[in-house]
Each structure stands twice: as structure tokens, then as C-alpha cells.
Amino acid sequence: PKLIIMGAPASGKGTQCEFIRGHFGVVHLSTGDILRKAATDGTQVGLTAKEFMNRGELVPDDMIVTIVLERLMEVDCTTRGWLLDGFPRTAEQGRALLDKGIVADIVIQLDVPDSILVERVVGRRTDPETGNIYHLTFKPPPNSQVSKRLIQRSDDTEAKVKVRINAFHKNMGAITDLFKDRVIKVKGDRSAQAIWEELKPAISTRLTAVPAPVRCGCWGWVCANDTKPNE
């Protein structure tokens, strides 16, 4: 399976990705995690990307495209399939995939009202010792000891999340146009389990309808022009 999941910040992509990964066995690829790791490692591209993220802005396309395309070439992705989370975020990124003959079977779009997104983000906190994520209202920490060590990500403020949400809306239409015949749109302002119970059969049905892949001489995936697989 070759899957893409799209949604604004705090739309619930991470939770649905866990369900999808566990059920379908695909490799979950979060560009946010990749970029944050690069920033932590102190690489030049990582430090540059961190500056954009701290301002709540999108990281330039050329940085993300390079990282993602290299990752999709690794053997776990080519053998197990993949789930792209947070990519593509612009039409240019989407066309970069298509230009390389990388065609997603399904594009999942989570639709959540902006007011709910802001509330979810501003109350989000991370436990630096365990990596667990809590919410001051919806998922409070289990005890005062954990509560005292929680931290808020630098881009999880109301001002910065609104910048990210606006950028998401600006680019969403152009992206879905590229994959319009492959999009599954679901309401994301429900419980995670309710969303998954709708998504699971929808994904399974679409995958059973996907034709057998055509081998490409250089990439090994379905070609954008499957009538001429070696071009």
C-alpha cells in the first residue's frame, strides 16, 4: 500500500497513522519527526529547518522533497508499503512525487474546524522523559510528578498554530486536485475510534480495487505513465 494522510495541525493524523500502521503493516513516515531529528542532530539542513518551524512557517520544498524521496527508496518502504504523514504540504511537493513516478493509492483527508484545532494545539504538552503527549483538558497527565515536567513545543502557541492552519488551507485545494480521484475525506472532530471504524473499510475497499503494480526499470514502483513502464 502507498498511502498519504493529510490534515491541519492537531487534526488527529498521528492517532490514525498508528491504527493504519498496525492494521496494514505499512511504514509510517512523518516528515515532522524527520525534520525535528535533523534539527536535534545539528545538521545544517536540520538547523535551517528548525528556524522555519520555530516561526510556525513551512520548511522550503527542496529540503523536504530531498529527505522524503531518499526515505522512500529504502528497502522497508519498497517491500512493506508506506504512509506519508505531513507530505505533500504544497502542490510543488505533490508534483515532485508524481514526477518521480510515485503514485499514492489513497489520500486520506481529515477535516476539523479551525476553532477545535487551535484548542487542541494550545493545550498540548509533551513529557520529555517518555515522549508521551498529553492535553491539559482532553488528556491530562496521570499525576503531579508528570505534570511538573511537561513542556510545550515552541510552535504550539495560538499565534503560531494559526499561521500553520492558514498555510494548510492555502495549499490543501491544490494538493487534492492532484490526487482528486484518490481522496477519502472524513470528519475529524469525532472520537479517534469512530474515525478509524470509518477509515478501515474504506481503505481496504480502495486497496482491493488497485491494479497490480507495474514495475519501473529505475524506481521499482508504479510509473506515472503505466502504459510505458520503462520511461
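The values are calculated or read from the model by the stated rules, or taken from the named source; none is laboratory data. Owing to the predicted nature of the structure, the values given are computational and were not obtained by experimental measurement. Every residue, glycine as well, gets a Cβ built from its backbone with ideal geometry; the counts of neighbours run over all protein chains shown. These area figures cover heavy atoms from the full protein model, side chains too; ligands, DNA and RNA do not enter into them. Shrake-Rupley method; radii C 1.70, N 1.55, O 1.52, S 1.80 Å.
Please work out which one of (1) under 19 Å from Glu18 (Cα atoms); (2) touching a residue at least 12 places away in the same chain (Cβ under 8 Å); (3) not hydroxyl-bearing (Ser, Thr, Tyr) is the condition Lys139 fails and give its number.
(2)
Considering only residues that are open to solvent by 20 Å² or more (accessible area, probe 1.4 Å) and in contact with a Lys or Arg (Cβ under 7 Å, 6 or more places away or on another chain), which ones fall in region 11-30?
Correct list: His23, Gly25, His28.
Just to be sure I understand, how many residues within region 174-204 are under 17 Å from Gln16 (Cβ atoms) and free of Cβ contacts under 8 Å to residues at least 12 places away in the same chain?
Total satisfying the criteria: 7.
Under 7 Å by Cβ, and 6 or more places apart or on different chains, what pairs join a residue from region 158-173 that is over 15 Å from Asn54 (Cβ atoms) with one that is of a type in the set (S, T, N, Q) and modelled with pLDDT under 90?
Cβ pairs passing all conditions: Asn171/Thr90.
Please enumerate the residues belonging to region 30-54 that are free of Cβ contacts under 8 Å to residues at least 24 places away in the same chain, of a type outside the set (Gly, Ala, Ser) and part of a helix (DSSP H, G or I).
Hits for region 30-54 are Asp33, Arg36, Lys37, Thr40, Asp41, Gln44, Val45, Leu47, Thr48, Lys50, Glu51, Phe52.
Hey, does region 70-81 have a residue that's buried (at least 20 other Cβ atoms within 10 Å of the Cβ) and β-branched (Val, Ile, Thr)?
no
Which residues, taken from region 12-29, are among the small types (Gly, Ala, Ser), over 15 Å from the mean Cα position of the chain (by Cα) and part of a helix (DSSP H, G or I)?
Gly22
Report the residue count in region 113-130 for those that are touching a residue at least 40 places away in the same chain (Cβ under 8 Å) and either closer than 13 Å to Ser154 by Cβ or not β-branched (Val, Ile, Thr) (or both).
Of the residues in region 113-130, 6 are touching a residue at least 40 places away in the same chain (Cβ under 8 Å) and either closer than 13 Å to Ser154 by Cβ or not β-branched (Val, Ile, Thr) (or both).
Filter region 55-78 down to residues that are assigned to a helix (DSSP H, G or I) and of a type outside the set (Asp, Glu), then give me how many there are.
12
Across region 177-189, what is the total count of residues that are open to solvent by less than 60 Å² (accessible area, probe 1.4 Å) and part of a strand (DSSP E or B)?
Adding up the residues that qualify gives 3.
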